[in-house]
Amino acid sequence: GGDFMTLLMRKDILTEEESRFYGAEMVLAIEDVHSMNYIHRDLKPDNILMDNEGHLKLTDFGLCKHAEIRP
């Protein structure tokens, strides 16, 4: 659990494997939001939570905006 910012501060440097995993998780999360025609507009490590298995979850949709997103 916790947020991504805490992980970055605790680890200081992520391994290549961790970077690939978390990068892919972020892309999937953003892609999911875009598939519902929304733009997050406040992406930062503080707004990315981690579940107990290490998977990422986006939070704080206060600045989220509905938009027509075309592939």
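The values are calculated or read from the model by the stated rules, or taken from the named source; none is laboratory data. Small disclaimer: the values here were computed from a predicted structure and weren't measured. Cβ placement follows ideal geometry from the backbone for every residue including glycine, while neighbour counts extend to all protein chains displayed. Surface areas here come from the heavy atoms of the whole protein model, side chains and all, with no ligands, DNA or RNA. Shrake-Rupley method; radii C 1.70, N 1.55, O 1.52, S 1.80 Å.
Screening Glu25 on (1) open to solvent by 90 Å² or more (accessible area, probe 1.4 Å); (2) of a type outside the set (S, T, N, Q); (3) touching a His at 6+ places or on another chain (Cβ under 7 Å) shows it passes everything except condition (1).
Identify, please: which residue in the range 1-22 is in a loop (DSSP other than H, G, I, E, B) and hydrophobic (A, V, I, L, M, F, W, C) and is, among those, most open to solvent (accessible area, probe 1.4 Å)? By that ranking, first place goes to Ile13. Looking only at the range 50-71, residues that are over 17 Å from Leu8 (Cβ atoms) and of a type in the set (Lys, Arg) come to 2 in all.
Filtered by the rule that a residue be part of a loop (DSSP other than H, G, I, E, B), in contact with a Leu (Cβ under 8 Å, 6 or more places away or on another chain) and either open to solvent by 60 Å² or more (accessible area, probe 1.4 Å) or in contact (Cβ under 8 Å) with a residue 24 or more places away in the chain (or both), the range 28-42 gives His40, Arg41. The set of residues from the range 43-62 being polar (S, T, N, Q) and surrounded by 11 or more Cβ atoms within 10 Å (Cβ to Cβ) comprises Asn47, Thr59.
One residue stands out in the range 43-71 among those that are touching an Asp or Glu at 6+ places or on another chain (Cβ under 9 Å) and part of a strand (DSSP E or B): the one that is nearest to Gly1 (Cα to Cα), namely Met50.
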